Structure formats: C-alpha cells, structure tokens
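These notes are about the structure you will find just below.
Every number here is computed from the coordinates shown, using simple stated rules; none is lab data. No experiment lies behind these values; they were computed from the predicted model shown. Cβ: placed from backbone, ideal geometry, glycine included. Neighbour counts: every protein chain shown.
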C-alpha cells in the first residue's frame, strides 16, 4: 500500500504551485483542502484527514529571497514536516533541525559530498532525507561534475533511511512517472520516495515497481489523487 505524502511549496507567506521547477511563474495554490492558499489552514485540513507527514519547500529560502520559518514552525506543531530549505552544508542542516522533524539535503543546493558525509556522521538517519534532483535525466547538482550513477554509488555507501527521487522536469506537469529513472535506482527501491508528475493512473505501476512512498502535489490538491490509496 502506498504512503502518500502531500507536497506544499511556500513563497511570500502563501502556498504556491508551478510547473517544471520554474519558480518565477509560480501562482497561489488552488486546493480542495482550503478556500485560500494559507499554508497553515491547508495543513490543518490535511491533519483532519489523518495525514501524518507533510513535505514543505520554502522557495524563498531556496532562492535566498527571505523565509517562511514562522509559518513552518507552526505547521510542524500540527504534524511532522519534511522540510526543504536549500541545505548547503553541515551548519545549515544543524540550524534548520529546530524547525522540522526531517530536513531535506538536496543535490540542487548541496555544496559538496564532504558536507553530506559530515551530516550523516553527526545526525541520526531518521532526521535526514536525501533528495536526488534530476532534470532532463541528468543529476541536478550544485558545483559538481558528479553523474547520476556516481551519486547513486555514494548513496549506497551512506545508506540513508529515505531518498527522494525527484524528476524536476515533471513537477506540476502530471506527465506521469519516469520508469527509466526509477529502474536505475532499483537497488535502493525500499528507501525511495518518488516525486514529480505523478498521476492517479500511475499508482498501481508505482506499487508494482516496489516503491512504498510518493510525494504528490498537483494531483492531490486538484482532488484527482486520493489521500487514501484506492484502485485507479
């Protein structure tokens, strides 16, 4: 049975939505869970529907244009958050642990593999989620020439508890899953949280691939994918 983790992006104090990671074109989120894009209201509504984990990306922090930390801290009091704030290194990870139960270390913003190893040496694995960000089938990584295969080998050595496999090119598009990418990570399938373009019709295929958790934004907020797993 799939565990569905709702996704919410924050910008300028409101929940927003967009396509393919093009953050300059994001608009206030329209969701079945709230009449407004107020993130706290949406989180309360999801809690009422027995959601027990929520993925939050603070786009202002990631883009270095401000933050939504007061709202995030309140939301984390409602339910445990998986928080993406553009972690660069050990020090930033340490700081943001005060705001969410799990903090994402994404290849898009990570300074170096050395910093990733330092994080895993110091902090419990249950509080670290590594995000493998992929764009146009290539690893989207900051200041590095690492290939997707090379980074996968690093992950096998580190053995995180949870790894987000995020196809940025498909975010918000509802284009469906990237089966080729998923198969590339078959050795780590028990740890994977799949994200990017997931549709209701993909759910059975995802289960058949052995994936246990998925991140869903657009399809969930439109009401096209149910919070509780059912046959598509």
Can you tell me the length gained on complete extension of the stretch residue 189 to residue 138, counting 0.36 nm per residue apart and subtracting the Cα distance?
16.5 nm
Extension gain residue 41-residue 74, at 0.36 nm per residue separation less the Cα-Cα distance, in nm?
10.8 nm
When 186, 117 are arranged by how many other beta-carbons sit within 10 Å of their Cβ, fewest first, they go 186, 117
What is the fewest-to-most order of 158, 4 by other Cβ atoms lying within 10 Å of their Cβ?
158, 4
Express in whole angstrom the spacing between the alpha-carbon centres of the stretch 155-205 and the stretch 1-43.
20
Per the Debye formula with a single identical scatterer at each Cα and no solvent contribution, what log10 I(q)/I(0) holds for the stretch 125-172 at q = 0.20, 0.24 Å⁻¹?
-0.70, -0.94
Please report the antiparallel percentage of the DSSP beta bridges confined to the stretch 3-221, to the nearest 5.
20
For residue 3 and residue 154 in the same chain, what is the full-extension length gain: residue separation times 0.36 nm, less their Cα-Cα distance, in nm?
51.8 nm
Applying a 10 Å radius around every beta-carbon, put 215-228, 163-176 in order of their mean neighbour count, most first.
163-176, 215-228
If the label point sits 7 Å along Cα→Cβ of residue 180, residues of the stretch 141-169 with amide N under 20 Å come out as 141, 146-153, 165-169
How large, in Å, is the stretch 1-141 by the Kirkwood hydrodynamic radius built from its alpha-carbon pairs?
15.6
107, 36 arranged by Cβ crowding within 10 Å, fewest neighbours leading:
36, 107
By what distance, in whole Å, do the Cα atoms of the stretch 145-191 stretch along each of the three principal axes, largest value first?
33, 27, 16
